[in-house]
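Novice: Below you'll find the structure I mean.
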Amino acid sequence: MSTVDNDALGGLCQFVRSASAADLVMAVEIDADGRAGWAASSASLQVAGFNLLRSGLFERDWNGEPADASQFRLPTVLLHALKGAPTHLLFVPAPSFGAPLSGLLLLWKHAPAGGQLTGQLPLLASSVTRLLSARREKARELTVHNQFIDLVESVPAGIVLMEGDGVGAVINERAADLLGCQPGNHRAHDLAEPMRILRQRCDNHAELEQAYAAQVGNVSFASTLNWALGERTLEVDTHPVRGNGEFGRIWLFTDVTAELLMAAELRRLAASDPLTGMPNRRHFEERSAQIIAAREATGHSVAVLMLDVDHFKKINDSHGHPAGDEVLKVVAKRCREALRDRDLFARFGGEEFVALLAAPAPEDAPAAAERMRTAVAATPIMVGDARINVTVSIGAALGEAVAGRDQALLDDLIARADEALYRAKAEGRNRVCMAAA
């Protein structure tokens, strides 16, 4: 509330006390139910709220003349404020906004002397009303402001609110931490540089600058962009207040790092084999189609290698399924390391794995298959105290990428490589067989 309004009410009470020789003068805010609290007085008071509904003050028609105080029932708190019982009192009604029973209360310990200016006091009612209403409105505005501050601080996001006049702005603590400012009120102009610096720190600042530059002059634009700050990602939503830039603009900075990491992990899990950590069959088929489609533009060839662990059922029966799982993990790791980084390798199902080689030379497919076969067979796999000798059989097929036939080519290569794989097993296992061209 305004100190100026309180000082004016206090000064008015002092003037009335001097003019009327009253022992105590109070400007009292009183709501429709009689609940009262003093707004200002001619003396320093420590007075809590009190109730005047049954005091009798509001049943009397006041004309500016003091009345015998014994006709009224005043709350004890007023007697303590006066430091004694009053002999006379006068109430000047001054209804204010939200407090219709308010007014000016005068108390005398002794009978007022004749000639005092009490009859003129009703002329001050309009001034008291104006000051009480202004005081109450200021208090309401302060309450609303505090509620707004509580609201913006409770939101789990940085908030920058630019006022419609383009001059003022308010930011909460989260935004203050991001911008290196103090929370609270600011000049909008003073926030432009900290926000620019924050954008410049982003890994994607060039993209951001281009996006926002395209909106210069559009006071009603709205956008939601991710600001990448190293390991953190902020989702920055900006839009005009109530859809109209003339009412102001709000910027919301929400840290979405955890959500993005979780989404990425869910995508990884959906695309991965939980045992070996390699891509699963679904991911292999989707990614292979993309690779083949990219090859179509240049007419490059692609190759599919199908790999199966030899006598895997015997390994499970002899050493147990946990040992079989460990064998699959080691086989997957050795095969992946034997391929190029750009080659795609996945678990196809059970003890079967698959690889896709993009743009291989004719000799690349059998060479890659032989590297995988050798990598697996070269060293026994240790599971606890058991040394398990493991070999794999591999079938390979080569084809040309033709526009519009990416899925058909993939299906054909898998089928042909699978036939070559069974031939490798039939010929004694632990070997590579190429499908016929």
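Novice: Hey, any hits in the stretch 105-118 for a residue that's of a type in the set (F, W, Y) and under 23 Å from A8 (Cβ atoms)?
Specialist: no
Novice: Quick one: A263 ticks every box in (1) at pLDDT below 90; (2) of a type in the set (A, V, I, L, M); (3) more than 42 Å from the chain's Cα centre (by Cα); (4) closer than 26 Å to G349 by Cα except a single one, so which number is it?
Specialist: Result: A263 fails condition (3) only.
Novice: Only one residue in E246, E235, E265 is surrounded by fewer than 20 Cβ atoms within 10 Å (Cβ to Cβ), part of a helix (DSSP H, G or I), assigned by TED's automatic domain parsing to the domain that holds H189 and not basic (K, R), so which one is that?
Specialist: E246
Novice: Would the stretch 148-168 turn up any residue that is modelled with pLDDT of 90 or more, loosely packed, with under 15 Cβ neighbours inside 10 Å, out of contact with any strand residue (DSSP E or B) (no Cβ under 8 Å at 6 or more places or on another chain) and small (G, A, S)?
Specialist: No: the stretch 148-168 contains no residue that is modelled with pLDDT of 90 or more, loosely packed, with under 15 Cβ neighbours inside 10 Å, out of contact with any strand residue (DSSP E or B) (no Cβ under 8 Å at 6 or more places or on another chain) and small (G, A, S).
Novice: Look through A408, A365, A332, A420 and report the one residue that is in a helix (DSSP H, G or I), surrounded by fewer than 18 Cβ atoms within 10 Å (Cβ to Cβ) and assigned by TED's automatic domain parsing to the domain that holds Q290.
Specialist: Exactly one residue qualifies, and that residue is A408.
Novice: If you don't mind, another one. In the stretch 74-103, what residues are surrounded by 15 or more Cβ atoms within 10 Å (Cβ to Cβ), over 12 Å from M26 (Cβ atoms) and polar (S, T, N, Q)?
Specialist: Those that are surrounded by 15 or more Cβ atoms within 10 Å (Cβ to Cβ), over 12 Å from M26 (Cβ atoms) and polar (S, T, N, Q): T87, S96.
Novice: Let me ask something else about it. Would you confirm whether any residue within the stretch 304-316 is charged (D, E, K, R), in the same structural domain as P360 (by TED's automatic domain parsing) and in contact (Cβ under 8 Å) with a residue 24 or more places away in the chain?
Specialist: yes
Novice: Within the stretch 423-437, take every residue that is in contact with a strand residue (DSSP E or B) (Cβ under 7 Å, 6 or more places away or on another chain) and assigned to a helix (DSSP H, G or I) and give me the one that is farthest from V390 (Cα to Cα).
Specialist: The selected residue is R423.
Novice: Then there's this: Filter the stretch 276-301 for residues that are at pLDDT 90 or above, surrounded by 14 or more Cβ atoms within 10 Å (Cβ to Cβ) and in a loop (DSSP other than H, G, I, E, B) and give the result.
Specialist: Selection gives T276, M278, N280.
The values are calculated or read from the model by the stated rules, or taken from the named source; none is laboratory data. Quantities reported herein were computed from a predicted structural model and do not represent experimental measurements. A quick note on method: Cβ atoms are made from the backbone with ideal geometry, for glycine too, and the neighbour counts reach across all protein chains shown.
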